[in-house]
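Computed from the coordinates by the stated procedures, all read-outs in this text should not be read as laboratory data. Computed from a predicted structure; not experimentally measured. Neighbour counts run over all protein chains shown; Cβ positions are idealised from the backbone, glycine included.
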Amino acid sequence: MKIAMIGSGYVGLVSGACFADFGHDVVCVDKDARKIDQLNANIMPIFEPGLDMLVKTNVDAKRLSFSTDLKASLKGCDAVFIAVGTPSRRGDGHADLSYVYAASEELAAAIDPKTVVVTKSTVPVGTGDEVERIIREANPTLEFAVVSNPEFLREGAAIGDFKRPDRIVVGTDVEWARETMRAIYRPLFLNESPILFTSRRSSELIKYAANAFLATKITFINEMADLCEKLGANVQDVSRGIGLDNRIGSKFLHAGPGYGGSCFPKDTLALLKTAQDNDSPVRIVEAVVQANDLRKRAMGRKIIAALGGDARGKKVALLGLTFKPNTDDMRDAPSIAIVQTLLDAGAQVHAHDPEGMEEASKILPEVVMTDSAYAAAEGADAVALVTEWDAYRALDLAKLRSAMNGDAMVDLRNIYRSNEIEAAGFRYSSIGR
Ligand code: UDX
């Protein structure tokens, strides 16, 4: 199969490299010439474990290439994937579809007959209809199909998720387009990954419903954690106790500082907007969005409480800034609201993150970035573990403690045990225990 991927961002690049690894002939296109030059020099624009090797292997095997020339890249393609960004539109929270529609207009005149146009970007229900309308208007006699094929990749684990998915969702009623999609994903269902064919609208909604459900699970356990603190219960036991029920499932029940990242916050908001526009309220998701927003600042207040209630002139060290480990992504990271709360209360903030400090310093210029967890803790009144990077799991706790001025340790991810932390001389607080 010959495939063009429009948009060489996170989703486009990972999907393109994985399709090439299956043996397909893939060209990843992007308007950003600098990004394409970098990719041609095997410099990855994002941090994703394993991606540079995967790209190199497939470029060397001549199955994967990068280009800024969309028209030329579309020649002879069986499928064109649209994997451009759909950020939250400023002001109203709707997904901004201008990049998707611009790509549709551009490809309309240039695709061969019987090309499958696939929306990989997360797009609100009905976007496939509009993409189809745009292409048909520009090229009325062309035979083509518009298919929805959402991605369920987690940053930091994207290649594994792509190659061993729980399911592949393909939304179209056009039989020849289903055949093309089957051929593209054939290596995966040889691996027994289920492929689910649905209507285009159902497929578009599946993506939002999945993310909203996962965000709900996280928010549910976060609120249980707060309740555990009041009741003297342990949220990790509660989580295990409910997760062993197969109907509930054990995943996504880790209490923490609230979800962040490029998907959950944006997709839950977009689902709310769709629901409002269609006069079909999703009250649970509304509550989830609100609870998660409130939680991030509450985590800042939790750190202030550990300082004795007054943060003025105090120094706080944050370990981890990215929204989760194994990424340099700072989008909607809880650390942002936490830092803001600490600064508003008069604290100074020092921080360390294994991959995220460059991104973080653009968003949080007031934070002093340091070379190590120990350097961040130097003279600090409190240390707060914000992101559960593996590098923080085996810290020399005595060394960390002796670098500090105060003795507070706030563990927002529950990665330490109270006895080991207290043995090192810390006053320890964590989430829901
Ligand atoms: C998510 C979805 O998992 C993925 O299927 C979708 O395609 C994109 O959005 P991602 O944003 O990479 O992926 O991160 P994920 O690992 O799902 O974590 C999201 C957030 O939830 C992080 O801030 C994480 O720390 C938090 N989280 C996750 C919890 O607080 N507790 C959990 O139990 C799980």
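Among Phe426, Phe144, Phe213, what is the fewest-to-most ranking by other Cβ atoms within 10 Å?
Numbers: Phe426 23, Phe144 20, Phe213 13.
Lowest count first: Phe213, Phe144, Phe426.
Dividing the summed helix terms, -39500 (n - 2.57) for each DSSP H run of n ≥ 4, by the number of residues in the chain produces a 222 nm estimate of -14000 deg cm²/dmol to the nearest 500.
What does the C-alpha gyration tensor say about the overall shape of segment 221-350? Classify as rounded when a/c is under 1.5, otherwise prolate if a/b is larger than b/c, or oblate. Could the numbers behind the result be given before it?
Working: a/c = 1.86, a/b = 1.32, b/c = 1.41.
Taking the square roots of the gyration eigenvalues as a ≥ b ≥ c, segment 221-350 is oblate.
Counting Lys and Arg as +1 and Asp and Glu as -1 over every other residue whose Cβ lies under 13 Å from the Cβ of Leu231, the net charge comes to -2.
Give the order of Arg200, Arg164, Arg295 when sorted by the count of other beta carbons within 10 angstrom, beginning with the fewest.
Working: Arg200 25, Arg164 12, Arg295 22.
Placing the least packed residue first, the sequence is Arg164, Arg295, Arg200.
Along the chain, the exposed loop sites are GluC sites (Glu not before Pro) outside DSSP states H, G, I, E and B with at most 11 other Cβ atoms within 10 Å, and the longest stretch free of them is 193-365.
Going by the alpha-carbon gyration tensor, a ≥ b ≥ c the square roots of its eigenvalues, is segment 1-146 rounded (a/c under 1.5) or, if a/c is not under 1.5, prolate (a/b greater than b/c) versus oblate? Walk me through the intermediate numbers first.
On the way: a/c = 2.07, a/b = 1.30, b/c = 1.59.
Note, shape of segment 1-146 comes out oblate.
Under 13 Å from the Cβ of Leu190, count the other residues' Cβ atoms, weight Lys and Arg +1, Asp and Glu -1, and hand me the total. Summing Lys and Arg as +1 and Asp and Glu as -1 gives +3.
Of all DSSP beta bridges located in the chain, what percent are antiparallel, nearest 5? Let's see the in-between values first.
Values: 2 of 46 bridges.
If I count the DSSP bridges inside the chain, around 5 percent turn out antiparallel.
Checking the cross-link pairs Lys114/Lys163; Lys314/Lys362; Lys163/Lys324; Lys35/Lys324; Lys217/Lys362 against a 29 Å limit on the alpha carbon distance flags Lys217/Lys362 as lying beyond it.
Across segment 71-77, computed HN-Hα scalar couplings (Karplus, 6.51 cos²θ - 1.76 cosθ + 1.60, θ = phi - 60°) run 3, 5, 5, 7, 4, x, 6 Hz from first to last residue, x flagging Gly and Pro. Looking at segment 1-105, the trypsin sites (Lys or Arg not before Pro) that sit in a DSSP loop and have at most 13 other Cβ atoms within 10 Å of their own Cβ are Lys62, Lys75, Arg90.
Please work out whether segment 118-193 counts as rounded, prolate or oblate from its C-alpha gyration tensor, where a ≥ b ≥ c are the square roots of the eigenvalues and a/c under 1.5 means rounded, while otherwise a/b larger than b/c means prolate and anything else oblate? The partial results should precede the final answer.
Numbers: a/c = 3.04, a/b = 1.68, b/c = 1.81.
Note, shape of segment 118-193 comes out oblate.
Counted by neighbouring Cβ atoms within 10 Å, the residues Met330, Met44 run from fewest to most as Met44, Met330. DSSP beta bridges confined to segment 2-198 are antiparallel in about 5 percent of cases.
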